[in-house]
Amino acid sequence: MTRSRLLKWTAGLVLAPVLLAFLFIAIFGWNWLRGPIERMTLEKTGRELVIGGDLQLRFGWPLPRIRAGAVTFANPAWAREKQMVAADTVEVTIDLPQLLRRNIVLPEVRLVRPVVFLEQGSGGRKNWLLDVNQQDEQARVRIDRVILDQGRLGYDDAAQKTSIRAELSTGLSASAAQSAGGELSFTATGQYKGMPLKAQGKGGSVLGLRDEVTPYPLQADLTVGRTGVRVDGTITSLLKFSAMDMRLSLRGDSLAQLFPLLGIALPQTRAYATEGHIVHSGRSWRYEKFSGRIGDSDIAGTLQVDTGGKRPAMKAELESKLLDLADLGPLIGSRPGSVDAAKKAAPPPSQTSSPMPAQARVLPDVPFNTDRWDSVDAEVTLRAKTIRRAKELPIEDLVTHLSLRDSVLTLNPLDFGVACVQLDAVISLDGRADPIQARAQVRARKILLARLFPAVALSKTSIGQINGEFDLAGKGNSVGRMLASSNGKVGLVVANGEISKMMMEKIGLHLWEMLVLKVSGDKLVKLRCGVADFDVKGGIMHADALIFDTEVTTIIGTGSIDLGQERLDLTLNQKTKDTSPVALRSPIYIRGSFAKPDVEVDKGRVALRAIGAIALGIASPGLALIPLIDAGPGKDSDCAKLVREARALPKKAGPRS
């Protein structure tokens with residue numbers, strides 16, 4: 001045999017199997033592979049794969065393409081739905097180098113009218129994991145991009161109380177969808193973490209599941225529970241959210257309702273709405289240049305969260321031009337309209353021994369949710385130019401820094417201007433203990449009395465400065481319970497001013513002077529000093545010194561204030577400095593609840609004076625005024641001496657009428 005014939009025979013032997021394979025494929029196609037593929041899938045996963053249509057293979061290195069029609073892939077027996085995937089057509093590209101390493105990587109998957117149900121079950125089982133028990137995180141198919149025509153997607157997680165169903169549509173034919181043209185529209189309904197969910201939006205037709213380079217365009221409006229979210233921008237890698245750049249709008253009844261969505265504790269607030277720019281890269285999320293409203297207050301600033309530590313770390317710089325004091329109520333556990341409701345529900349002052357109904361309480365009583373405090377470490381600075389509380393208490397230039405670390409919340413500083421002067425405060429709440437351990441230290445200097453209460457008529461003719469210090473420590477899971485168990489000191493001093501003479505004569509029950517001032521008009525008298533010094537034990541404020549000294553009257557008070565029962569038990573005794581021809585000279589009792597206080601005189605003493613005046617008047621009309629004359633001490637008292645005298649008085653208030 002010649003050399004040339006030997007080469008021809010050798011070439012024929014090599015090419016014959018290849019030619020026979022091509023001839024076999026030309027006659028029978030690739031459908032003969034359906035059986036082996038289905039059997040191998042069942043053996044490896046324990047779940048049935050059915051290829052009901054034609055199977056086609058397009059060669060290419062390193063990414064051959066396989067196309068199959070009428071494909072279904074079953075769910076494991078524990079799943080709610082029978083099939084995990086069902087599609088009219090499935091077309092995938094396979095990464096052969098990865099396959100040789102025994103990794104299944106599909107750079108691109110195209111689905112025509114798919115129905116896909118994903119479910120997470122008990123014990124960490126996930127139906128998209130392909131091992132027999134659906135628990136091996138490595139036993140999964142990696143998909144980089146998905147192109148959809150139209151279809152349905154579902155996701156269930158019973159443990160998280162989540163069940164979502166979505167409808168997808170490109171508005172294009174299957175052939176157009178395969179060319180990756182057009183945009184994807186979607187609607188979704190169901191529940192997320194037990195809250196009702198509705199969503200609609202649109203995005204690019206190619207879903208970049210693991211694409212770390214190409215941003216995916218997305219516009220969506222969704223409502224979760226009572227929280228509304230609107231987004232418009234791009235997301236890179238839909239599975240990892242490795243990057244994000246979009247406009248974000250949020251609205252809801254309270255920021256605290258964002259906890260199920262973010263996993264970060266935010267405070268209770270009134271209804272809010274914000275809009276800003278959210279940027280995400282690596283472990284940093286930044287909501288920047290946002291603005292909006294919380295209740296009737298405006299709010300703006302930047303908020304950043306870093307997820308790289310033991311727990312998320314939040315930093316925020318917030319500003320408000322006008323902060324309504326009513327919007328701060330939920331932050332300290334005050335219910336909306338609680339003061340008005342308390343006034344209506346409070347028992348009459350005569351029933352001072354009756355238990356205080358819960359709805360009649362004025363102090364904030366909504367418990368803090370400390371279980372969430374360990375979800376985040378926070379450093380938040382808030383600056384507010386003006387704080388509004390109608391006309392009753394003008395406050396401005398609020399600056400506070402909130403620090404939350406390891407469940408310990410601190411406000412330091414808590415500074416704000418009131419009546420032209422600063423108040424400085426440091427407040428600490430230790431949420432690691434149950435109940436919360438609280439400490440409040442407040443210092444006030446040179447507050448103008450007339451500016452402090454501009455809505456009070458008597459203060460308009462009053463001039464003076466208030467200095468004060470509060471140092472209280474207590475425990476409880478609400479502000480009301482903290483005060484009810486508090487211990488410490490409360491002190492206020494008023495000095496160097498003038499005050500309405502009519503007000504002081506009314507307190508002294510000087511009827512003649514009140515009549516004269518009514519005719520001639522009110523005037524100012526010198527305010528020598530005012531002192532309120534309370535020792536607080538177990539939530540009861542005992543008056544060590546309660547003095548108000550003017551050039552016409554000295555008022556000395558005794559008694560207590562019960563912060564736990566929210567009850568007043570104070571007695572004011574007057575010492576006039578001028579002889580008054582007609583005065584009732586009776587102690588004034590301040591009783592009742594915070595919600596419904598009652599101010600009254602000693603009716604017994606007043607009656608005795610009146611009877612005495614009548615009796616003497618019968619004997620001689622000129623003697624009728626003798627029981628009503630208040631001679632007074634006739635001179636000023638030393639303020640320091642008054643304080644010493646007040647401390648020496650019994651703690652118990654005078655007799656009740």
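The values are calculated or read from the model by the stated rules, or taken from the named source; none is laboratory data. As the structure is a computational prediction, the values presented were derived from the model and not from experiment. Cβ placement follows ideal geometry from the backbone for every residue including glycine, while neighbour counts extend to all protein chains displayed. These accessible areas exclude ligands, DNA and RNA; they are computed on the full protein's heavy atoms, side chains included. Shrake-Rupley method; radii C 1.70, N 1.55, O 1.52, S 1.80 Å.
In the set (1) open to solvent by 30 Å² or more (accessible area, probe 1.4 Å); (2) modelled with pLDDT under 80, L322 fails one condition alone, (2). In the range 363-392, the qualifying residues are those that are open to solvent by 40 Å² or more (accessible area, probe 1.4 Å) and in contact with a Phe, Trp or Tyr (Cβ under 8 Å, 6 or more places away or on another chain), and the one that is modelled with the highest pLDDT is R372. Quick check: anything in the range 202-217 small (G, A, S), within 27 Å of the chain's Cα centre (by Cα) and buried (at least 16 other Cβ atoms within 10 Å of the Cβ)? Checked the range 202-217: no residue is small (G, A, S), within 27 Å of the chain's Cα centre (by Cα) and buried (at least 16 other Cβ atoms within 10 Å of the Cβ).
With a requirement of 2 or more residues that are more than 26 Å from G282 (Cα to Cα) and modelled with pLDDT under 95, the strands (runs of 3 or more DSSP E) lying completely within the range 179-218 that satisfy it span 183-192.
How many of the residues making up the range 108-161 are among the acidic types (D, E) and in a strand (DSSP E or B)? Final tally of qualifying residues: 5. Among the residues of the range 250-261, are any modelled with pLDDT under 95, touching a helix residue (DSSP H, G or I) at 6+ places or on another chain (Cβ under 7 Å) and under 15 Å from L303 (Cα atoms)? For the range 250-261, residues modelled with pLDDT under 95, touching a helix residue (DSSP H, G or I) at 6+ places or on another chain (Cβ under 7 Å) and under 15 Å from L303 (Cα atoms): absent. Of the residues in the range 239-258, at least one is within 30 Å of F368 (Cα to Cα), open to solvent by less than 30 Å² (accessible area, probe 1.4 Å) and in a loop (DSSP other than H, G, I, E, B). With respect to K526, is the statement that it is at pLDDT below 90 and open to solvent by 10 Å² or more (accessible area, probe 1.4 Å) true? Taking the combined requirement at face value, the residue satisfies it.
If I go through the range 125-154 residue by residue, how many of them are aliphatic (A, V, I, L, M) and open to solvent by 70 Å² or more (accessible area, probe 1.4 Å)?
1
Confirm whether L148 is aliphatic (A, V, I, L, M) and touching a residue at least 12 places away in the same chain (Cβ under 8 Å).
Judged against the criteria, L148 is a match.
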